[in-house]
Amino acid sequence: MKNQLHDMPSEEFIKYGYQLIDWVADYLSNIEKFPVLAQVKPGDVKSNLPYKAPEIGESFDKIIDDLNKIILPGTTHWNHPNFMAYFNSTSSGPGILGELLSAAFNANGMVWKSNPAGTELEETVLNWFRELIGLTPIYFGIVYDTASVSTMHAIAAAREYTGLDFRTNGVHGLPKLILYCTEQTHSSIDKAAITLGIGLNGIRKISTDENFAMIPNKLIDAIKEDRSKGNLPFCVVATIGTTSSTAVDPVDSIADICEKENLWLHVDSAYAGVTAMLPEMKNYFKGMERADSIVINPHKWLFVPVDFSILYTSKPDVLKRAFSLVPEYLKTPEESVINYMDYGIQLGRRFRSLKLWFVLRYFGVEGLQQRLREHLRLAKLFASWVDENSNFERLAPVYFGTICFRAKPINNLSEDELNVLNEKLLHSINETGKVFLVHTKLKGKFTIRLVISGLRMEEKHVESAWKLIKEKLRELES
Ligand SMILES: *Cc1c(COP(=O)(O)O)cnc(C)c1O
């Protein structure tokens, strides 16, 4: 191959670069032609790929050919407007271009000096976003890859906040640390507990009310009980927009308890947090401004491609105390700059802020607000269809863009039979490849979740999804 010791020649980069940009534009314009859920079986993709890397470099034409033949059919299309599963995350033109540049610079922002623009752009866009969601400048922001990692850092800071020297001693010989959350809290909190030596037995899951929100009095009781046993309560995780049903814990009341008990309050709003940009949604976020740390994922519902999670903390010094460790080769003379490596376990970091910068500037605050509002409107609309149909019932309030419901035809089916029916219904919907939905269990009930947060979603998509759901139920009943 020509030019063996150097990069791809510039002419070739331009040729395939344009070709791939065309490819992406076509892909996004024609996304509805693909089945939303990849129609492959386990192993299908692998079996079409060679066992070994090529000895000799191959032409880019051949690589693009395999992209089309092997990779594309094995991809589930998150950008598809009928992707209504999980918490959908969609990418956008400006977000994709931000990714492109991030790879082009390939600047590693370990310390300010290693990428000054990366550090200061991250600071700037996170300050912009902080203001948009109504937080004061006492909050310091940092980007991690995912909410799971943001939360793990928050809980590590909470552990540090106890004043016991975990850094040096680990958890040896110290009282048992206790973290409080609910049954509805995301599994990433459990994973953080596993990672940080708190252990699953160090988690107390506080009971929730009929809307799946934490009951503050039960939290007070649990803290009292733990203290009387000689355990060490240290952290409460409250969620605004839980994963299963988008429940909202009463953060303001929980903040009162945390203040009184001197516990770290972490707010997980990975999914719903972006809607704090809307004045009419402020009531869901009451008390968030009292949290010690907050996680919000722009990669979920703000059209920034994965990965992009923000952790805000009002106690950056504690986070830094938990993690800062500066080897000789990373010592730099600049003062009053942020060296992001001081605030977490990772040293190297991608130039992620470009993506959010592009998205915020291109769509503008108003543009983003309009899109979020439209999703919220469509969710209310879908909920009204469910409510008006006697063959269906809604199983949780609709606060954001997620509707939890199930089929409940009028004939008297038992709970077990309803669970079987709804599982079959979900399966038959997904099997069509036209819409992708997932389920959860709420109070033992098999619950179908429909999520509206995709950039390309319009009313017609929600309408056709509803039509398909009703059609599949009729087929099952006949
Ligand atoms: C999605 C979600 C998470 C996990 O997010 P990742 O970025 O995938 O780690 C955590 N908490 C809540 C409430 C979520 O919705």
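The values are calculated or read from the model by the stated rules, or taken from the named source; none is laboratory data. Just so it is clear, the structure is predicted and the values come from calculations on it, not from any experiment. For neighbour counting, all protein chains shown are included, and Cβ atoms are generated from backbone atoms with ideal geometry for every residue, glycine included. The area values use the complete protein model at the heavy-atom level, side chains included, leaving out ligands, DNA and RNA. Shrake-Rupley method; radii C 1.70, N 1.55, O 1.52, S 1.80 Å.
When residue 39 is tested against the conditions (1) closer than 24 Å to residue 456 by Cα; (2) modelled with pLDDT of 95 or more, the lone failure is (2). The set of residues in the stretch 216-233 that are crowded, with 24+ Cβ neighbours inside 10 Å and either in contact (Cβ under 8 Å) with a residue 60 or more places away in the chain or within 16 Å of the ligand (Cβ to nearest atom) (or both) is empty.
If you go through the stretch 100-125 and keep only what is part of a helix (DSSP H, G or I) and touching a helix residue (DSSP H, G or I) at 6+ places or on another chain (Cβ under 6 Å), you end up with 101, 102, 112, 119, 121, 122, 125. Filtered by the rule that a residue be away from the ligand (no atom under 15 Å from the Cβ) and aliphatic (A, V, I, L, M), the stretch 295-337 gives 318, 319, 322, 325, 326, 330, 337. The test for being in contact (Cβ under 8 Å) with a residue 60 or more places away in the chain, open to solvent by less than 20 Å² (accessible area, probe 1.4 Å), of a type in the set (A, V, I, L, M) and more than 20 Å from residue 244 (Cα to Cα) does not hold for residue 450. With respect to the conditions (1) buried (at least 24 other Cβ atoms within 10 Å of the Cβ); (2) more than 15 Å from the ligand (Cβ to nearest atom), residue 271 lacks only one, and its number is (2). Screening the candidates 168, 151, 136 for the property of being more than 16 Å from the ligand (Cβ to nearest atom) and assigned to a helix (DSSP H, G or I) yields one hit, 168.
Of the residues making up the stretch 175-209, just one is open to solvent by 70 Å² or more (accessible area, probe 1.4 Å), in contact with a helix residue (DSSP H, G or I) (Cβ under 7 Å, 6 or more places away or on another chain), among the basic types (Lys, Arg) and away from the ligand (no atom under 12 Å from the Cβ), namely 176. Step by step: first the residues of the stretch 248-268, then only those that are away from the ligand (no atom under 16 Å from the Cβ) and acidic (Asp, Glu), then the one that is farthest from residue 87 (Cα to Cα). Which residue is that? Restricting to residues being away from the ligand (no atom under 16 Å from the Cβ) and acidic (Asp, Glu), the top hit is 261. If you go through the stretch 49-88 and keep only what is open to solvent by less than 50 Å² (accessible area, probe 1.4 Å) and either touching a strand residue (DSSP E or B) at 6+ places or on another chain (Cβ under 9 Å) or in the same structural domain as residue 427 (by TED's automatic domain parsing) (or both), you end up with 76, 77, 80, 82, 83, 84, 85, 87, 88. So for the stretch 77-97 (the condition being hydroxyl-bearing (Ser, Thr, Tyr), in contact (Cβ under 8 Å) with a residue 40 or more places away in the chain and in a helix (DSSP H, G or I)), does at least one residue qualify? Within the stretch 77-97, none of the residues are hydroxyl-bearing (Ser, Thr, Tyr), in contact (Cβ under 8 Å) with a residue 40 or more places away in the chain and in a helix (DSSP H, G or I).
Just need a number here: residues in the stretch 399-431 that are touching a residue at least 60 places away in the same chain (Cβ under 8 Å) and outside any strand (DSSP E or B). Please lay out each step first, then the result.
Keep residues of the stretch 399-431 that are touching a residue at least 60 places away in the same chain (Cβ under 8 Å), which gives 399-402, 404, 407, 409, 430.
Subset that is outside any strand (DSSP E or B): 399-401, 409, 430.
The total comes to 5.
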